[in-house]
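The values are calculated or read from the model by the stated rules, or taken from the named source; none is laboratory data. All values reported here derive from a predicted model rather than from experimental measurement. For neighbour counting, all protein chains shown are included, and Cβ atoms are generated from backbone atoms with ideal geometry for every residue, glycine included.
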Amino acid sequence: MKEYFKAKKISESVYWVGAIDWGIRDFHGYATRRGTTYNAFLIVAEKITLIDTVKAPFKNEMLARIASVIDIDKIDYIVSNHAEMDHSGALPDVIKEVQPEKVFASPMGVKALNAHFDLDMEITPVKTGDELDLGNKTLSFIETKLLHWPDSMFTYLKEEEVLFTQDAFGMHFASANLFVDQNDISIVKRECEKYFANILMPYSSKITALLASVAEMNLPIKIAASDHGPMFRNDDISTVINWYSEWATQPRAKKAIIIYDTMWGSTAKMGNAIADGISSTGIEIKVIPLASSDRSEVATEMLEAGAFIVGSPTINNQLFPSLADVLTYLKGLKPHNLIGAAYGSFGWSGEAVKQVNQYLTDMDVELISDGIKCKYVPRKDDLKKCFELGVEIGNKLQD
Ligand code: FEO
């Protein structure tokens, strides 16, 4: 396999030895329309070191890439920056086949790896500030707890100024072009934003703190080597740091998002009237029918929203299932700085609006109305109320 799965050199002694998953379309509930990569890195120093591994089914592809540079049993050390199985799934078999001298992880990483696998060797814990001598190169470690798992850490290759950042600055974007500057920047930004929204948004305050502490360390960084998608290098690194600062802060944008589902078109009509009201105030509006969208796209839109309006019919005394799915998902992601409202059509009892309000309250969305309910089909007066709600939301975002 090493004849066709080749390593790619990215720095003086660092090779990309990961795998490209062109076909994945669902990553634990996150729609990955552009596939992904599992990046792993081989440092050919006096002590040869592998940074992270890949998802288990891609183990042989990774080992073939390593074998295109060195015999795999020459690996001395493995560093596991993150225990989630897209980066550690191959680790148990790699340990068996490579028999490294040592494997390193953060203290929480040691616990997490041992909770996942029956490994053939003890993992050595490393903490923030610890250094690992590779002979002619040096690694240092920075724990990044809860970014996005308790075990997460960064590893820094001092002499070549490469920061291995596991999921941070990553994106689900399968590309054979390893660097961001070799790809379409609009796709990169969208996928990076989607990754932030769906994976990192709940930890926004920690990200702000991490960016500040890494800035204080004054580490020169030539390459920010994430475990997913194309990597940022040189001037592009400050670009992604600026994106992260903004997404983590999530200022209340002058933009409203309406999501809805509909049974016979009534809730859709109500949403259209609300959208018209919002638009009449000059505020940007995006309407997302859930019949043709998915939860991870909605989450991405939330990063640039100031208002979140949710339309659900009532079915069998409950909100519509597609709304329950998306709202449950968003509640966990903890978007912030939003105003919002609920609306929907009903036939008998109309519980959906109240149930949506509860979700929005749990998400700390500032409700600006008790919500609008309409029996069966909206008439002129109902649509007027919807339009006026839109105007109220738009005016509030203009404040
Ligand atoms: Fe790419 Fe948190 O794993």
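Structure data summary
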quantity: Residues within the stretch 158-167 that are among the β-branched types (Val, Ile, Thr) and more than 16 Å from the ligand (Cβ to nearest atom), tallied; calculated: 1
quantity: Tally of residues being among the polar types (S, T, N, Q), more than 11 Å from the ligand (Cβ to nearest atom) and under 16 Å from the mean Cα position of the chain (by Cα) across the stretch 130-157; calculated: 1
quantity: Residue check for Glu97: touching a residue at least 24 places away in the same chain (Cβ under 8 Å) and under 30 Å from Thr32 (Cα atoms); calculated: no
quantity: Lone qualifier among Val126, Val188 - being in the same structural domain as Thr208 (by TED's automatic domain parsing), away from the ligand (no atom under 16 Å from the Cβ), of a type in the set (A, V, I, L, M) and in contact with a strand residue (DSSP E or B) (Cβ under 7 Å, 6 or more places away or on another chain); calculated: Val126
quantity: Hey, Gly109 out of contact with any Lys or Arg (no Cβ under 7 Å at 6 or more places or on another chain) and either assigned to a strand (DSSP E or B) or within 15 Å of the ligand (Cβ to nearest atom) (or both) or not; calculated: yes
quantity: Total residues in the stretch 172-227, condition modelled with pLDDT of 95 or more, closer than 17 Å to Ser238 by Cβ and aliphatic (A, V, I, L, M); calculated: 7
quantity: Flag for Met121 being hydrophobic (A, V, I, L, M, F, W, C), farther than 15 Å from Leu50 by Cβ and either away from the ligand (no atom under 16 Å from the Cβ) or at pLDDT 95 or above (or both); calculated: no
quantity: Residue match in the stretch 111-124 (condition: polar (S, T, N, Q) and over 28 Å from the mean Cα position of the chain (by Cα)); calculated: yes
quantity: Failed item in (1) assigned by TED's automatic domain parsing to the domain that holds Ile199; (2) buried (at least 17 other Cβ atoms within 10 Å of the Cβ); (3) in contact with a helix residue (DSSP H, G or I) (Cβ under 8 Å, 6 or more places away or on another chain), with Ser245 passing the rest; calculated: (2)
quantity: Filtered residues of the stretch 188-206 (kept if buried (at least 24 other Cβ atoms within 10 Å of the Cβ) and aromatic (Phe, Trp, Tyr)); calculated: Tyr195, Phe196
quantity: Residues of the stretch 261-275 that turn out to be touching a helix residue (DSSP H, G or I) at 6+ places or on another chain (Cβ under 6 Å) and either surrounded by fewer than 16 Cβ atoms within 10 Å (Cβ to Cβ) or under 17 Å from Ile339 (Cβ atoms) (or both), as a count; calculated: 1
quantity: Check on Glu131, without any contact (Cβ under 8 Å) to a residue 40 or more places away in the chain, of a type outside the set (S, T, N, Q) and farther than 30 Å from Asp26 by Cβ; calculated: yes
quantity: Members of the stretch 221-252 that are within 26 Å of Val365 (Cα to Cα) and either touching a Ser or Thr at 6+ places or on another chain (Cβ under 9 Å) or touching a residue at least 60 places away in the same chain (Cβ under 8 Å) (or both); calculated: Tyr244, Ser245, Trp247, Ala248, Thr249, Gln250, Pro251, Arg252
